Each structure stands twice: as C-alpha cells, then as structure tokens.
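Worksheet: the structure to be examined is printed underneath.
The values are calculated or read from the model by the stated rules, or taken from the named source; none is laboratory data. For clarity, every value in this text was computed on a predicted model and none was experimentally measured. Note: ideal-geometry Cβ built from the backbone for every residue, glycine included; neighbour counts use all protein chains shown.
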Amino acid sequence: MQLNPQILKHHHITLNVGGAQEDYDFHTKVLGLKSVKKTGLYDGNTPIYHLYYGNDLGDESTLVTCFPMRQSGRKAARGSGQIKTLALSVPQSSLGFWTSHLGDQGFRVERTERFGEQLLRFAHPCGIEYELVGIKDDDRLPYSNGVIPAEFGIRGTHGITVSVRQIDHSDEFMQLGWSGKNRRQDGDFVRYEVGEGGSGTIIDFQVEPDLPQGSWLYGEGTVHHCAFKVNDLTVQKDVKFHLEGLGFTDVSDRKDRGYFDSIYVRTPGGAMFEATVSKPEGFLVDETYENLGKTLQVPPVFAARAEAMTGYLEPLKF
C-alpha cells in the first residue's frame, strides 16, 4: 500500500492579477514568456480571463497562469495564509542582464540571497512578489522565440513562498501529506522539496506570526494556488484519499480544467495546493502548435454564450 502518494514537482502557479493587458505585457514583453493559452476561468457565472504563460509548449513546471481581476472590481488583501511569492529559475550568469533589463522597464529590483541562492526580488504590476533565482544547472528549455535571449531566458518555476503564522501544522502537512522532504531552515524560512528535488520542486514557508490573515477570494493582488504534478488519475485519487485519511477533509472532488484534471486542498496554513494530471494532448487539445495561445478558447461553462463572453472581456492587443 502506498502510504504517501508521490507529489513530483510544480505543474503551474495561478495568480489573481490586475488588468489583462497589463498582465499580458508583463509576462510576454518584460519576462519573455510565451502565451500558450487564452481561455476563461471555469468557475462562476461572470467571464474572467485565464491566461497561461510558459515555454514553447507550456511544459509542466514552466507555467504561470493568471486571472485578471480588475474588470470584476474585486481586490484581495495580501497577508498570512497565502502563497506570497513566486520564484522563477534563470541561469546564474543572467542575473546581471535581468537587473539591467528590469530596471530599464521601470521595475525596482533588490538583489539578495536565501538558502545559498542569489536572487532578484521585484513585483508584478499588481503587487505580487516575484523572484528570479540564479541556477547553475537547469535543463528545462526556455521560450526560444521570445524577447529575451535564450541564454538568459526563464527556465520555469523555482519555488513558492507561503506565509504562515506558525510552522508546526504546515510541517505536519508537508511531511505526512505532501511528500515534502529535505527540510531545512534559513532564518524565518523553512524549505521543503518534492519529487527529485531542486528547481521546480521547492516550497518555502515564511513564518510571520504578526502578519494579519489574507483573503482567499478571487480578487486582484494575490496568488490563488500552486499546482503540483502527479503521474496519473490513480495517483491523484490516492492523494485525495490519503489526505482525507489524515484528517485533511477540505479536499475537492476531481475537476476537469480542459487541459488537466485537478483536485484542490486548503492546507493548514491557509494556502491552496492542487494535485494535477495533464491531459495527454496538453495545450494542443484545442489549438495547433502554430496557433498556440493566439485566440480565446471559450470554456465549456460559457459555450452557450460565447459571443457574449468575448464581447464582455477586456480586449487584448498582442
């Protein structure tokens, strides 16, 4: 019997951002990622974009996905109980390039170090914290035709930082429920890795006992969740049963998200994690490679009113 189903690595991270055009320009023109899918949020009755960015094919662990919330008028409060920071992997040799490039684009950049890694800290236009971490060896392929030279390009996710008021229950969840290993500490940060470890598998918890609770709604300015790859639907089901058997009963049923199947769990510290199985066709299920990410793919929930949805959403120029 498999007592602790294997969580392998990041699959994607999803953010509640501001304006759609602002977000699109930030990820494609500033960070040099590829638009691999333009679709909509599958939940609710009001149309909201779901924009996906990654490498050429949108490979697992290269994906940043965004819900532009400004059109809805809803803003979220950043605080404890959320994922607060997204860290992306870049070559060590590129940190000087990125410092200059981000500065030229008007971003304030701070260079710092954590767990022996050199990193650049800055913020998305909506305020969400980003980091670029210099990695010596990362064989994930960057977007090959982007605005950033390939030798400096983003390889994919590196890690996430979750803000918690105390670590004990999150530590229990990571070690017993989420395949967390290689636990170590640097100041008020506690780090875990999943799968084979390394860039693309890291979860940091920052202990901030005095930080007020953040909000969980879909609203501008916060990270919504981080998704992690599991091998197949059987393992995904095992993850659900395993977590429920430990007492973590706030686990969703399987949800079909078009390009992958998902289950969600609200972790003890408050952040939402997802166990994800990609569809065999991935993002090519509804578009050819040549047209990937170029046109809006209407989610099934809005299929009967596709024209109204496209007319409602903020126009995107690209």
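Candidates are the residues of region 25-55 that are part of a loop (DSSP other than H, G, I, E, B) and modelled with pLDDT of 95 or more; the one that is nearest to Trp98 (Cα to Cα) is Leu31. When you check Gln6 against the structure, is it polar (S, T, N, Q), in a loop (DSSP other than H, G, I, E, B), in contact (Cβ under 8 Å) with a residue 12 or more places away in the chain and surrounded by fewer than 21 Cβ atoms within 10 Å (Cβ to Cβ), yes or no? Spelling it out, Gln6 is indeed polar (S, T, N, Q), in a loop (DSSP other than H, G, I, E, B), in contact (Cβ under 8 Å) with a residue 12 or more places away in the chain and surrounded by fewer than 21 Cβ atoms within 10 Å (Cβ to Cβ).
Taken over region 168-209, residues that are polar (S, T, N, Q) and not in a strand (DSSP E or B) amount to 5. Looking only at region 215-232, residues that are surrounded by 21 or more Cβ atoms within 10 Å (Cβ to Cβ) and assigned to a loop (DSSP other than H, G, I, E, B) come to 2 in all.
Taken over region 271-318, the residue count meeting the criterion of being in a strand (DSSP E or B) and out of contact with any Lys or Arg (no Cβ under 7 Å at 6 or more places or on another chain) is 5.
For Gly58, the criteria (1) under 20 Å from Tyr143 (Cα atoms); (2) small (Gly, Ala, Ser); (3) crowded, with 22+ Cβ neighbours inside 10 Å; (4) touching a Ser or Thr at 6+ places or on another chain (Cβ under 9 Å) hold in every case but one, which is (4).
Restricting region 112-139 to residues that are in a loop (DSSP other than H, G, I, E, B), surrounded by fewer than 18 Cβ atoms within 10 Å (Cβ to Cβ) and of a type outside the set (Phe, Trp, Tyr) leaves a set whose member that is modelled with the lowest pLDDT is Asp137.
Across region 233-261, the number of residues qualifying as in contact (Cβ under 8 Å) with a residue 24 or more places away in the chain, part of a helix (DSSP H, G or I) and either in contact with a Ser or Thr (Cβ under 6 Å, 6 or more places away or on another chain) or under 30 Å from Val285 (Cα atoms) (or both) comes to 6.
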